[in-house]
1. Could you tell me what percent of the accessible area of segment 36-177 is made up of carbon and sulfur, with a 1.4 Å probe and every protein chain present?
2. Quick one: with all protein chains in place, what share of the accessible area of segment 226-285 is carbon or sulfur, to the nearest percent (1.4 Å probe)?
3. Could you give the accessible area per residue of the chain, probe 1.4 Å, as a whole number in Å²?
4. Apply the Debye scattering formula to segment 1-157, with a single equal point scatterer on each alpha-carbon and no solvent, then give log10 I(q)/I(0) at q = 0.10, 0.15 Å⁻¹.
5. Which percent of the accessible area of segment 295-348 is formed by carbon and sulfur heavy atoms (probe 1.4 angstrom)?
6. Segment 220-321: which GluC sites (Glu not before Pro) are DSSP loop and have at most 10 other beta-carbon atoms within 10 angstrom?
7. For K202, give me every one of the lysines with a C-alpha distance below 16 angstrom, ignoring sequence neighbours fewer than eight places off in its own chain.
8. Tell me, in nm to one decimal, what length is gained between A79 and R351 on full extension, where the rule is 0.36 nm per residue of separation less the Cα-Cα distance?
Amino acid sequence: MPIRPGTVAEIREQMLRLLEGIVPEAEIVLKAELVHEILRLKEERGAIILGHNYMEPALFHTVPDVTGDSLELARRAAATDRDPIVFCGVKFMAETAKILNPDRTVLLPSEKAGCSLAESITAEDVRLLREMFPGVPVVTYINTYADVKAECDVCCTSSNAAKVVESLGSDTVIFLPDEYLAANVARETGRRILYPVGADRKPTLQVDSLEHVILGWKGRCEVHEQFTVEDVRRVREQFPDAIVLAHPECPPDVVEAADFAGSTTAMARYVKESPAKRYMLFTECSMADNIAAENRDKEMIRMCSVRCPHMNEITLEDTLRALRENVVEITVPKDVAARARNAIERMLAVRA
Ligand code: 13P
Ligand code: SF4
C-alpha cells in the first residue's frame, strides 16, 4: 500500500518511520519530494501504480497501489479499471498488463528495463520447436515478450509453474525459456529434463525418448545464474542458524540446498510467517531491504552485489516523468496481443 498523501513534510515523516535504518535519512529527504509529486499526479490522473517486489525500497514502500510477484501483478492488471497503468517493473510485465488492458494506457518508466530471459528466445525459435515436436504443449514463462507468448499454449510464473505443467495432462511438455526453472519444475513434477538446443542456440532434434520429459531451453536469468551451491555452503558455515531461501530461477543444486524455494512473494511470506530470526535470500538484493523494512525483528543477510540491472532502471524520477509525459507507452500489435492473451488467460484460470 502506498503511504498516505500529504504535505512533503508529512510524507517525509512517514518515510523516515517506514525506512529507518534501511534508507539513509539524506536520501529520504530528497526522495520525499518526488514521492509527494508522484502521489499528487497519480490522484489527478486516476492512475494505478503496480510495483514489483524488486523495486528499490524508497519506491517500493511509497508509491505503488499494489506490490507483488509477477502473478499477483498480472492478476491486478487484469482486474483494474484505472487508466493509465504505470508499471514499476520490467518490460515483459508491462506488456502483460497491456495485453490484458488493450484499451488502456500502460506506461513503463524506463525503456531500458528489459530481462535476460525475455531476450533469450524468439517467436521463430518457438515455431521451430513446435514443428519438431508436433502436438507437445508449450508453456512459456511470463518472462518473455508478447510475440513469444503468442506462439505458446499457456504462460506460467515462478509461483504456479509446476501447477500449470500438471494442468496440461501431458506427459511431455515444452517449457521455455529458463533452463534452471525448467529443471526445477521437472524435478517437482517427476519428469526428466532435456534441452533440444544446439550449440548455435537453435532448436535441434537430439533427444532420445519423450517419455516423462520436460523439453527446456537454454535461457538464464543473469542475476540468479550467479548463485552457486558453494555460496549456500559458505552462508550456512558463517550463519548456521540462517534460513536459506532461493528463487526457482537459481541453478537446481542451489534450489535443492535451500530450505525453501518460491516466487518473490512466497519468499517474503515465508520470512513473515516463520519464527526464525535470520534469513539469506538467493535472489535480487533489493528484496531483502524491502522485507527487512517490514520485519524489524528479523535479520536479512544481504548479498548486495546481485542487483537486477533492469529492475534498477526504474527510479522515482522516471516514475514521475512517466506520469508527467506519458512515457514510455507500451504497445503490442493487435493480432499478437490477441494470441498472447489466450496464453495469459489460460494461466490465470489455473487454480493457485
Ligand atoms: P516473481 O514472479 O517470483 O516475482 O519473479 C519475477 C522475476 O523476474 C524474478 O527474477
Ligand atoms: Fe529478468 Fe532476472 Fe532481472 Fe528477473 S531478475 S527481471 S529474470 S534479469
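1. 44 percent
2. Summing carbon and sulfur atoms, their accessible area is 51 percent of the total for segment 226-285.
3. So the chain comes to 42 Å² accessible per residue, rounded to a whole number.
4. Calculated log10 I(q)/I(0) at the listed q: -0.44, -0.82.
5. Using a 1.4 Å probe with all protein chains present, segment 295-348 comes out at 48 percent carbon and sulfur.
6. Answer in residue order: no site qualifies.
7. The qualifying lysines are K218.
8. 96.3 nm is the gain from fully extending A79 to R351.
The values are calculated or read from the model by the stated rules, or taken from the named source; none is laboratory data. Since the structure is predicted, the reported quantities are computational estimates derived from the model, not experimental observations. Neighbour counts are summed over all protein chains in view; Cβ atoms, including those assigned to glycine, are modelled from backbone coordinates with ideal geometry. Side chains are part of the model used for accessible areas, which takes the heavy atoms of the whole protein and leaves out ligands, DNA and RNA. Shrake-Rupley method; radii C 1.70, N 1.55, O 1.52, S 1.80 Å.
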